[in-house]
Each structure stands twice: as C-alpha cells, then as structure tokens.
1. Given a cut-off of 20 Å, what percent of all Cα-Cα pairs of chain B lie beyond it?
2. Carbon-plus-sulfur fraction of the accessible area of the stretch B:39-112, 1.4 Å probe, in percent?
3. Please report how far the C-alpha centroid of the stretch B:28-104 lies from that of the stretch A:38-59, rounded to the nearest whole angstrom.
4. In square angstrom, what is the accessible area per residue of chain A with a 1.4 angstrom probe?
5. Greater than 29 Å separation of Cα atoms is the criterion. Which listed pairs, A:91/B:78; A:53/B:57; A:68/B:57, meet it?
6. Give the aspartates and glutamates reachable from residue B:42 as a straight Cα distance under 17 Å; neighbours fewer than 8 places away on the same chain don't count.
7. Suppose we compare each residue of the stretch B:35-50 in its chain alone and in the full protein complex with a 1.4 Å probe; which ones drop by at least 20 Å² of accessible area?
8. Taking all protein chains in place and a 1.4 Å probe, what share, in percent, of the accessible surface of chain A do carbon and sulfur account for?
Amino acid sequence: KNEVEQSPQNLTAQEGEFITINCSYSVGISALHWLQQHPGGGIVSLFMLSSGKKKHGRLIATINIQEKHSSLHITASHPRDSAVYICAVQKTSYDKVIFGPGTSLSVIP
Amino acid sequence: EPEVTQTPSHQVTQMGQEVILRCVPISNHLYFYWYRQILGQKVEFLVSFYNNEISEKSEIFDDQFSVERPDGSNFTLKIRSTKLEDSAMYFCASTSTGLILYFGEGSWLTVV
C-alpha cells in the first residue's frame, strides 16, 4: 500500500474555477509538503505544513493531522497553474521525503 | 532566492558507461539528498548524506551507485555501469532545517 495517496490523478478545469487536490497518508509525520512540478520537470516547494492552514497568494493548503489528510486549494485558477502537484511527507526532520503519485492539473482558458 | 543547481541538465549515455551527476547545494546547507523519477512514475528516494557519510539509502541505491562531496561544495551521484532502467530524472535536494527543502531542476539521464 502506498504511504501517500492523492486524488484526483488528473484534473481539467476552466480558467477561474476553484480547484481542490486531496492527499491522504498512512504514517505518522512531522511535516507534509505540497510541491509543484513544471512541465520541464523541475520541482518547486509550495508549502510545508505541520498543522493548520497556510496561504500564499491564490494557493491555500490545509492539514488535518488526526485524519491524516491534507488539501491544496487553488482559487481563481489560471492556465499558468497547469502543472503536476505533488503531496509528500516526512516522518521526522531531515528524514527522506516520501512522495505521492502527483495530480496533473490542466487549466483551460 | 537561494537555489540548488544541477549539471548536466540532460545526458545521453551508452549502457555500461559511467555517469556522474553534479549538484551544488545551497551554501550553508549540510543535509543532501538524491531522488529519481522514472518517466511517468512518482519521485523515489535514493540516498541521504550528512557529515560526509551516507545517512540512509534505499534498496534502489545498490553497489552501482555512489555519492560523494569531493570539494565541500559539489555533491555528486555516480552510476558506475549504467543500465537501461537507470533512465530517469535525478533530483538533488538540500536543507539546513530538515523541513524546508530546496530541490534542483533535475538532470535527465537517458541510457541507450
């Protein structure tokens, strides 16, 4: 069983739509990461969460530690948001990152 | 914004050849990692490195792989005798806090 699961696997949205990507994990963690992978392959860190909620621009990430679940929301989506969004966890600080399978998002004008 | 740099961005190599992928982590970081992503699959952990030693390695990281920090700035991944299945994107990452991670842009390796 994968330690990190994401849904949906693929998502197509119209520009302006509100988008939610879900992540569930099965292990105890010290941190959960949301990452963005560009079409060219590079990985950018969006959020690191250990509790609660974080917001950066149009992106919002939440985590529920008790339910082992996190969500990434994108408000007013734009074609430039098209990318793969990856949920990943760390069991402890400095530990390896365990990656989810990613959600491929395409935002259509 | 500090960044992790990787070279080469893309390398094509013959099966059986040695390959060295290079990474320059952020200057005050002490913990380094290599990950790989086979096309269409999720990113997988290869190895972590601290204080000039391997901290942890995955079962992927067999005797064909090695890492070193030869000069205090570069962090290299060597694949001694490449196989077709080594074709992947290889990512270097570094951290000082253990939780804020910086990834490089990746090195595409194609083994033919």
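1. Across chain B, Cα pairs with separations above 20 Å total 34 percent.
2. Values: 1640 of 3540 Å².
The value for the stretch B:39-112 is 46 percent carbon and sulfur by accessible area.
3. Cα centroid of the stretch B:28-104 versus Cα centroid of the stretch A:38-59: 22 Å apart.
4. On the way: 5030 Å² over 109 residues.
With all protein chains present, chain A gives 46 Å² per residue.
5. Details: A:91/B:78 27 Å; A:53/B:57 32 Å; A:68/B:57 26 Å.
Pairs exceeding the cut-off: A:53/B:57.
6. Residue B:42 reaches A:3, A:5, B:59, B:85, B:86, B:105.
7. B:35, B:37, B:42, B:43, B:45
8. Working: 2520 of 5030 Å².
Carbon and sulfur together cover 50 percent of it.
The values are calculated or read from the model by the stated rules, or taken from the named source; none is laboratory data. All values reported here derive from a predicted model rather than from experimental measurement. With ideal geometry, Cβ positions are generated from the backbone for all residues, glycine too; neighbour counts draw on all protein chains shown. We work out accessible area using only protein heavy atoms, side chains counted, and drop any ligands, DNA or RNA first. Shrake-Rupley method; radii C 1.70, N 1.55, O 1.52, S 1.80 Å.
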